[in-house]
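Nothing in this text is a laboratory measurement; each read-out follows from the coordinates by a stated rule. Remember, it's a predicted structure, so these values are computed and weren't measured experimentally. Neighbour counts are summed over all protein chains in view; Cβ atoms, including those assigned to glycine, are modelled from backbone coordinates with ideal geometry.
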Amino acid sequence: MEIFQHAFPVKNPIAEFAILMLIVLIFPILFKKLKIPSIIGLIIAGTIIGPHSLNILDRDESIIMLGSIGLLYIMFLAGLELDLKQVKTNKRYSILFGIATFVIPLLLGYLLSYFVLGYSEIASLIIALMFSTHTLVAYPIALRLGLTQTRSTTTVVGGTIITDTAVLMVFGLIMNYYNGSLTFWFWVKFIVLLAFVSLFILFVIPKIALWFFKNIEEENYSQFIFVIAMFLMSSVLMEAAGIEAIVGAFLAGLAFSKLIPHNSALMQKIHLVGSGLFIPLFLINVGMIVDIKVLATGYFALFVATTLTMMALLSKYLAAHSTRLLFKFSKNESDFIFGLSASHAAATIAVIMIAYKAGILDENVLNGTILLILVTCLFASFVTERAGRKLAIEEQKKRDVIKTELMRILVPCSNPNSIDKLLDLAIACRGENEDEQPIFPLSVIIEDDTTEKRIVQSTKAIQTFVKLVYPGKKSIMPTTRLDTNVSNGIIRAMKEMMINLTILGWTGKSKASEFFFGRKTDNVIEATNQTIMVAKLHQLINLTNKIYVLVSENAQYEIGFKKWLEVLNNISKYAAAQINFISLPSTKSSIIKQCKASGILSDAIFEVVNSIEEFTSYSNKFTENDIVIFVKARSKSISFSLDFIRIIDEITEVVPQSNYIMLYPETNPIVEIEEIPNIDVLDSSFIEENITLIQKLKTKIFRNKSN
């Protein structure tokens, strides 16, 4: 024990940095799999290794310096990712919502902090400012559901710019007041210097940057260094003007937002360094300050954490629903606005951290803020998903589904025993126009010393197979991709070759390593939006007796609805087998309507179930010569249902000998994290997975009760 006492805290700077990097590597992966936001995961990691717990690392000057840069980086990215054009869209809605979501939480937060929690006037005002700010953590849900252009989404995005900017400006004034510099001459200095520094950041720096980017076009690393230098200089200048440095970083982000395209290599470098280094180190630094023992010292600490969290949600709820009364929005729209604006993350922790280090706030508020961030992010995601699906269905009813397009089919080939059946399915899906678009059997090669040899072997093997099994089929064109793993190779091929239907083989049971890194099929499905089939076939399509299609609820509202019906029509013709649809009543009427409009599947049979549980009653009809197609949905799409997934698992376990196809319809295009304005800058998409976890627990609890 004495050896460990002398060994810790670690003083060697290299060992210290190595430990930090291991934490940044491991904890986000681990906590993502545990369905906990990585923001919280890294803070917890900092708490564990910090001086108040295991004392592995001391919070020395180097960690404080890296954490300070991370804080500025957060605010820089918040400004960089905001799109000022969103304010012009539905400008009236955005301005009034921005005022409401700033003022209502500010007033309620102050009253709570001052009269209920008993904090001083200045501490109460800062806590209230924390309630006014919000981070669009649930914005990826709006992207998934195709709601980014609706008035509710543009209202929230525009309002976010207004409330966050107002919070940072007021916070800067409060800190100057606390430091005793809020005099008459301060106001003169403040107005002059603030105007000068703001104009310099917003107008002069962009002109310098434009010249620099044009003349240093080939040196990408120089452009990156220039951006970092400019935003840090902006922070220093703002601090010299008597305002908090985070305001300068935020304004620098706004200045660069028009100059750096969201999908550019420079933006990727900025996000890589921020999300991979500085911001995680800032969060670890926050965790090292947190003392969990404070929560166990008495009821007051828990009371503070609980009341802060409840007020954060209540104040944003009132702001969202006041907008509904002003603009006569629907209930789904106001709930959706509440969900998008209810989460607190980046700016929240920034404000609280600065006030805590200045001695204005105590550990109770700091620890309560960590709980607030976790709860609001999960709750906001749940509300956004729930209201968003209803809103998406309303929007889909207003517009036509999609236009017909030629099939470009990709068939990744890894198992020689299933190549013939997968290619046979691809030919069936394509239909009669086989010479218009080829089918692409894909072989993904992992790069190593034998890459060239294996490319030749793989290409030759597939070409030989195609010639033997499908002689004369010139429209089957084998292709090869090099990549670091199979999933990435498939995803890249789908993008580069403009594939709109991918057919994957059933991968079987999961390996232990896939708990952390995901299964190949799952990774491909969730990272793309095109139609995907995952097939487990024991025989060729032409040997099929019947085709059963089990359709999930709300499947008619996916944008790929028309496309998968046309694919099923092609399979039915190829197999000379009748299709038997099994669905809920509302889905049945939509399928019939679409089939009549498209002139397809005129001989299909339709059977209705009144509940999802009734699907299992059909399992005794399935034989080894039938194909059973489950029209599923990606985890974040409109028609996703955990109950339907459970039914699929039950049926495939009871009747393993049948031929199964999991059909994932096309969804709205996936937008990369760099294109999402003002969200959790680490990675917020996994927060949506907590919705699945909650629904699973709910399903298990009610099933156990019924038994």
Once both label points are put 7 Å beyond Cα along the C-beta direction, the D649-R151 separation in nm becomes 4.3 nm
In whole Hz, the Karplus estimates of ³J(HN,Hα) for the stretch 553-566 (6.51, -1.76, 1.60; θ = phi - 60°; x where Gly or Pro) are 5, 6, 4, 5, 9, 6, 5, x, 4, 5, 5, 6, 5, 5
Amide H contacts under 5 Å for L259, restricted to residues at least 5 apart in sequence or on another chain and with H modeled in the peptide plane, are none
Burial-style ranking of 420-429, 575-584, average other-beta-carbon count within 10 Å with highest first, yields 420-429, 575-584
Once D603 and N55 are pulled to full extension, the length gained, defined as 0.36 nm per residue separation minus their Cα-Cα distance, is 190.1 nm
The set of residues whose placed amide H lies less than 5 Å from the amide H of N668, leaving out same-chain residues fewer than 5 positions away, is I559
Among K91/K207; K390/K546; K421/K588; K331/K562; K495/K562; K562/K636, the pairs whose Cα-Cα distance exceeds 24 Å are K91/K207; K390/K546; K421/K588; K331/K562
Note: L30 to K331 extended length (0.36 nm per residue) minus current alpha-carbon separation gives 104.6 nm
With label points set 7 Å from each Cα along the Cα-to-Cβ direction at L210 and M477, the distance between them in nm comes to 4.3 nm
Amide H contacts under 5 Å for I445, restricted to residues at least 5 apart in sequence or on another chain and with H modeled in the peptide plane, are R481, L482, D483
Length gained, F203-I191, 0.36 nm per residue minus C-alpha separation, equals 2.6 nm
Taking the reciprocal of mean 1/r across every pair of different Cα atoms in the stretch 539-658, the Kirkwood radius in Å is 14.6 Å
Loop-resident trypsin sites (Lys or Arg not before Pro) in the stretch 297-383 with no more than 12 other Cβ atoms inside 10 Å, DSSP not H/G/I/E/B, are K328
Computed from the beta carbon distance with a Förster radius of 45 Å, FRET efficiency for T484 and F115 to the nearest 0.05 stands at 0.20
